[in-house]
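Scroll down for the structure; my scribbles are underneath it.
The values are calculated or read from the model by the stated rules, or taken from the named source; none is laboratory data. Treat the numbers as computed from the prediction; the structure is a model and nothing was measured. As a convention, Cβ positions derive from the backbone with ideal geometry for all residues, glycine included, and neighbour counts pool all protein chains shown.
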Amino acid sequence: MFTHFAAWFAGDGTQRACALSFRYFGFAKTVLIALVLATTPLFAINIILNQYAESRAVSEMEAMGQVSIRRAEEAITTTVSFLQRLDRDDVETCDAADRIIYEQQIIDHGMIDAIGLVDAAGQRMCIIPDRELSAEVVLPPLRPDGPLVGIGMLERSYLGARAAVVSWDLKNETRLFAEITPAVIAMDPGPEYLRSYRRTELRLGDNLLWYQVGGYNSEGNDPSEMLSVEVASELYPLIAIVNAPVSAALQVVQQLKVIAAAACAAIAVLFVAIGIWYSWRPESEANDEFVAAIRNGEFIPYYQPVMDIETKRVRGCEVLMRWRRPNGMIVSPGQFMAYAEANGHIFDMTRHMMRVASDEVGALYGEHPDFKLSINLFAGHFLDREIVSDIKNTFENSEISYQQIVVEVTERYPLEDMELARKIMAELQALGVRIALDDVGTGHGGMAYLQKLGVDIIKIDKMFIDSISSDDNSTTIVDSMVELADNLGMGIIAEGVEEEEQIDRLMELGVTAAQGYYFAAPMPAKEFIEFAERVEDEARERARIAAEVAAAEQAAAEASMEDEAA
């Protein structure tokens, strides 16, 4: 997986001329900013700190909204998964046996208050725990073309949160439903200086209020004197609205204004110093060094194994780029990848990585046709068909077949032309190449990438794996990803696995493929080949021993049967 940071190189002769003009412009701009800060400190400080206060308040309010959305998403997703499991287990009637199961499920799932069935009109047929059934309609009438999942609100509330009802269509004119306790969504996040003044609302669908907290009312106020943030869910028709007065945000910077005024002159000097260094650093020399490194083949592939955590066998590897300097020092991609992408060098570098990988591990992959070779691409690779030609030219006559290749596209950075990207991916898939979506859950694509790009594999980002053995939220998210992958017929790989507890938890959730330092760090080709052969030898030995044990047990059983017959 490529890491991206700020670039620090310049271009060729034309770029150097432009860079020189930008140097003068940047230097003059820096000096002007420094003079303004030095001569009008109070004015500048008030503007900067007020903007900072409002920006910080908006960020805090966005975080409040995200917390509300995340809690609501988790509650709905968990409840839907729970109802699906009941449906799969044929627990979907009002019979006594099913009622006992409903009661136990309510005990096991603290967020659920009640479980029952409703008819096509949306009226309760039964409910556990037992309550008096009335003619009250708790869900919209069933439609033939309606969604499988329904969400509604009840009048019962707690601390400003209403009880939600989530249903699952059984396709027999009835629906299973579960009532989510209001306490799940009733919360009051955020810093104290905002919580005393803000108002938060969580609304569902057509402006249906689920949760509200705080007494601030923006109606009748000047819009310039208030802050308002809306956070929408990418999974469900949910929106969180947070409002607060600007005066509340400014409280946090009152003392900072005094301190910043004393430091204004020092800041101006610092800006000038930074401007001089930034404007006149030898960028062209750095660029020449980078181009020479490409020409000299200093960029090399490292290979990180992808393992089957059930059989403990190798499934393949991910190709990761490293810069090996002439002195032997290895430079991580964080120090060069963004520049390579921004200046177009990444295309030559990717072609080089594929050619070298084909030469280095081609024989190994020829002996193991089930091994997969994952190659990282960035958004620019999907702006034209050149990557298709590159893969054909590299692997057409290679011992590595198209069916063994996986190309990974990260979710962290957006694809500029989604339709073109989809066509290019479809062309690769027609060859037999599989498409993996990397860093799932961390970036721009979300559900849109899964829906539009037709990916074959999703890779769970390390940020979710790190806390999977200790954080229920991470477990719920990973569980949802696994279920989504199963439903869409996709493979799934966990990244960044470092502890045995994570392996155990992943296996419980149904994940069977993983990579990370628990198994092995990225390594040169020779070490990877030795690692793969050693792991395969160990797997064959385990299989041989297991076969011998099974044969001995079978022989013993047959002998016992003969003795009994005698």
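Can you confirm whether R434 is modelled with pLDDT of 90 or more and of a type in the set (D, E, K, R)?
yes
Give me the residue from region 153-167 that is under 15 Å from I115 (Cβ atoms) and within 31 Å of the chain's Cα centre (by Cα) and, out of that set, modelled with the lowest pLDDT.
Residue satisfying both the conditions and the ranking: A163.
Can you report the number of residues in region 102-131 which are in a helix (DSSP H, G or I) and surrounded by fewer than 16 Cβ atoms within 10 Å (Cβ to Cβ)?
The qualifying residues number 4.
Checking V166 against (1) in a strand (DSSP E or B); (2) surrounded by fewer than 16 Cβ atoms within 10 Å (Cβ to Cβ), which single condition isn't satisfied?
(2)
Looking for something more than 17 Å from R315 (Cα to Cα), surrounded by fewer than 20 Cβ atoms within 10 Å (Cβ to Cβ) and either of a type in the set (D, E) or in contact (Cβ under 8 Å) with a residue 60 or more places away in the chain (or both) - is there at least one such residue anywhere in region 451-465?
no
Every residue in region 71-95 that is within 24 Å of G190 (Cβ to Cβ) and either surrounded by fewer than 16 Cβ atoms within 10 Å (Cβ to Cβ) or modelled with pLDDT of 90 or more (or both), please.
Scanning region 71-95 gives no hits.
How many residues are among the hydrophobic types (A, V, I, L, M, F, W, C) and closer than 13 Å to F347 by Cβ when one looks only at region 389-416?
Residues in region 389-416 being among the hydrophobic types (A, V, I, L, M, F, W, C) and closer than 13 Å to F347 by Cβ: 1 in total.
Scan region 481-511 for residues that are polar (S, T, N, Q) and surrounded by 17 or more Cβ atoms within 10 Å (Cβ to Cβ) and report the count.
1
Name the single residue that is modelled with the lowest pLDDT among those in region 260-315 being aliphatic (A, V, I, L, M) and in contact with a strand residue (DSSP E or B) (Cβ under 9 Å, 6 or more places away or on another chain).
Just the residues of region 260-315 that are aliphatic (A, V, I, L, M), to begin with: 260-263, 265-270, 272-274, 276, 286, 291-294, 300, 306-307, 309, 314.
Within this subset, residues satisfying the condition of being in contact with a strand residue (DSSP E or B) (Cβ under 9 Å, 6 or more places away or on another chain) are 293, 300, 306-307, 309, 314.
Numbers: A293: 86, I300: 93, V306: 96, M307: 95, I309: 92, V314: 94.
Taking the candidates together, the pick is A293.
So how many residues does region 367-406 have that are closer than 26 Å to E530 by Cβ and of a type in the set (A, V, I, L, M, F, W, C)?
7
Looking at G146, G152, can you tell me which residue is buried (at least 17 other Cβ atoms within 10 Å of the Cβ) and of a type in the set (G, A, S)?
Details: G146 fails: buried (at least 17 other Cβ atoms within 10 Å of the Cβ).
Answer to the selection: G152.
Considering only helices (runs of 4 or more DSSP H) fully contained in region 469-566, which possess at least 1 residues that are at pLDDT below 90 and not assigned by TED's automatic domain parsing to the domain that holds V409? Give the steps one after another, and end with the answer.
Details: elements: 472-488, 500-509, 525-565.
Where helices (runs of 4 or more DSSP H) fall fully within region 469-566 and carry at least 1 residues being at pLDDT below 90 and not assigned by TED's automatic domain parsing to the domain that holds V409, they are 525-565.
Show the residue pairs meeting these rules: Cβ distance below 8 Å; 6+ apart or different chains; first residue within region 332-358 and in the same structural domain as N397 (by TED's automatic domain parsing); second residue of a type in the set (D, E, K, R) and not in a helix (DSSP H, G or I).
So the pair list comes out as S332/R322; P333/R322; S358/E399.
Can you name the number of the only condition in (1) assigned to a helix (DSSP H, G or I); (2) crowded, with 18+ Cβ neighbours inside 10 Å; (3) among the small types (G, A, S) that S374 fails?
Only one criterion in (1) assigned to a helix (DSSP H, G or I); (2) crowded, with 18+ Cβ neighbours inside 10 Å; (3) among the small types (G, A, S) is unmet by S374, namely (1).
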